[in-house]
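The structure under discussion appears below in the form of structure tokens.
The values are calculated or read from the model by the stated rules, or taken from the named source; none is laboratory data. All values derive from a computational prediction rather than experimental measurement. All Cβ positions, even for glycine, are placed from backbone atoms using ideal geometry, and neighbour counts span all protein chains on display. Keep in mind that these areas ignore ligands, DNA and RNA; they rest on the heavy atoms of the full protein, side chains included. Shrake-Rupley method; radii C 1.70, N 1.55, O 1.52, S 1.80 Å.
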Amino acid sequence: GLYAEAGATTVPDRPGEPPASGELVDAIRRAHAREVVLLPNDADLRHTAAAAADQARAEGVRVALIPTRSAVQGIAALAVHEPDRRFDEDVVAMTSAAGATRYGEVAVAERQSWTMAGICQAGDVLGLIEDDVAVIGGDLAATARTTLDRMLAAGGELVTLVLGEQVPDELAEGLERHVRETYLAVDTVVYRGGRQSPLMLIGVE
């Protein structure tokens, strides 16, 4: 919904069934544009997106593939997109915005496993930063706050939170308040994800 609202052509992501390159090519065609920016928003889609970009180029469409690894990086790229700007300049601005956005996720462990932060048990709350487990906790709010603090330790001006439907409003309000009281001049924006969205996505730029 966020991407469509921003004017993007979207491809649904079905659980356990990532889109094929043909679906991405169809989306590029549906854009009805001579110049297209492709945002995969998932590291696992990199090769699929590259294959789709190659096919679209063979059909005469100019395609720039920005290797976004998370939805929050794609949001950052779209935020600076200006359709009236020269394509090359727009791609540079979008790539820069995406690259400057650190991404994290809060999830619940499905099984016991070894992680960068130690051994987690099924049901533990995990804070992931750039796809690596950085925090293991038992409480959603505390784990989210610790993960956010670690991401903000390297600086930042804007925090983006995308919340799954099972995350209560009070938790988001608590995180916003924590950022406001702890970090000067850092803004927070909160979006609601859909039913299939992760528990929480975090972007810091």
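On C-alpha positions alone, give me the angle between the axis of helix 21-30 and the longest principal axis of the chain, in degrees, nearest 10.
With rounding to tens, the tilt is 70 degrees.
Can you tally the net charge around G16? Count Lys and Arg as +1, Asp and Glu as -1, for every other residue whose Cβ sits under 14 Å from the Cβ of G16.
For residues surrounding G16, the net value is -4.
Loop only by DSSP, 15 or fewer other Cβ within 10 Å of the Cβ. Give me the trypsin sites (Lys or Arg not before Pro) in the stretch 110-202 that pass, ordered by residue number.
Passing both the DSSP loop test and the Cβ count: R111, R195.
Cα axis of helix 46-58 to longest principal axis of the chain: angle in degrees, 0 to 90, nearest 10?
That works out to roughly 20 degrees.
Given the options Q55, V159, V37, identify the residue whose Cα lies farthest towards the positive end of the charge dipole of the chain (+1 on Cβ of Lys, Arg; -1 on Cβ of Asp, Glu).
Going by the charge dipole, the pick is Q55.
Quick one: order E176, E59 from most to least accessible surface, probe 1.4 Å.
The ordering from most to least exposed comes out as E59, E176.
Treat every Asp and Glu Cβ in the chain as -1 and every Lys and Arg Cβ as +1, leave all other atoms uncharged, and give the resulting dipole magnitude about the Cα centre to the nearest 20 debye.
340 debye
What percentage of the solvent-accessible surface of the stretch 160-205, computed with a 1.4 Å probe over protein heavy atoms, is contributed by carbon and sulfur atoms?
46 percent
Please get the size of the charge dipole for the stretch 17-89, origin at its Cα centre, with Cβ charges of +1 on Lys and Arg and -1 on Asp and Glu, quoted in debye to the nearest 20.
140 debye
If you filter the stretch 81-134 for GluC sites (Glu not before Pro), then keep DSSP loop positions with at most 15 other Cβ within 10 Å, what is left?
Of the GluC sites (Glu not before Pro), the ones in loops of the stretch 81-134 whose Cβ has at most 15 other Cβ atoms within 10 Å are E110, E130.
Tell me the per residue accessible area of the stretch 44-130 using a 1.4 Å probe; a whole number in Å² is fine.
The answer is 54 Å² per residue.
Taking the stretch 3-72, which trypsin sites (Lys or Arg not before Pro) meet the DSSP loop condition and have no more than 16 other C-beta atoms within 10 Å?
R34
Calculated from the structure, Cα extents along the principal axes in Å equals which of (1) 55, 41, 31; (2) 59, 29, 25; (3) 52, 39, 27?
(3)
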